[in-house]
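To start, the structure itself, in structure tokens.
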Amino acid sequence: MTGQSRTILVWDPLVRVLHWSLATCVIVSFFSHDGPEWLHFATGYAALAIALLRVVLGFVGTPYARFRQFLAGPRATLDYARDVLARREKHYLGHNPLGALMIVALLGSVLAVGVSGILLDTDRFWSDATLEAIHSFVGHLFVPLVILHVGG
């Protein structure tokens, strides 16, 4: 097999569809926050549902979709980050420790924005300034996270 390369499919079709569906919903929801309310709500609810399904797959999905396959502890993640800076990092099939940290950050952000958005639409939290600030802050946190995600 010298000189030949082979393709190894890491992420199954469902994970790929969820990834791009979530990305689309987050982008549309972000840019529609001042636009049509129905679009912002619909894409927000869809993003929350997709993220919840992805979390479920993190426990019961295919091997490379499972969190236990790619989540590393703080020490391993710091060691990997140090190795990246020194340009001597190991290569991984699937997500590396920094990529795993990004998945947690992105999914956590989607869940936080989705839940806060739902709560803002209830009688109890309608126009709650603190919750609106959280929703807005985490929603805008996607911009640097996505830039880092794409750059990684």
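Observations, loosely collected:
- Positions within segment 97-116 being closer than 23 Å to A49 by Cβ, at pLDDT below 95 and more than 12 Å from the chain's Cα centre (by Cα), in sequence order: none
- The lone exception for D83 - which of (1) open to solvent by 30 Å² or more (accessible area, probe 1.4 Å); (2) in a helix (DSSP H, G or I); (3) touching a helix residue (DSSP H, G or I) at 6+ places or on another chain (Cβ under 8 Å); (4) not aromatic (F, W, Y) it fails: (3)
- Flag if G94 is more than 14 Å from the chain's Cα centre (by Cα), among the small types (G, A, S) and exposed (fewer than 15 other Cβ atoms within 10 Å of the Cβ): no
The values are calculated or read from the model by the stated rules, or taken from the named source; none is laboratory data. Keep in mind that what you see is a predicted model, and the values were worked out from it rather than measured. Glycine gets a Cβ as well: all are built from the backbone with ideal geometry, and neighbour counts include every protein chain shown. These accessible areas exclude ligands, DNA and RNA; they are computed on the full protein's heavy atoms, side chains included. Shrake-Rupley method; radii C 1.70, N 1.55, O 1.52, S 1.80 Å.
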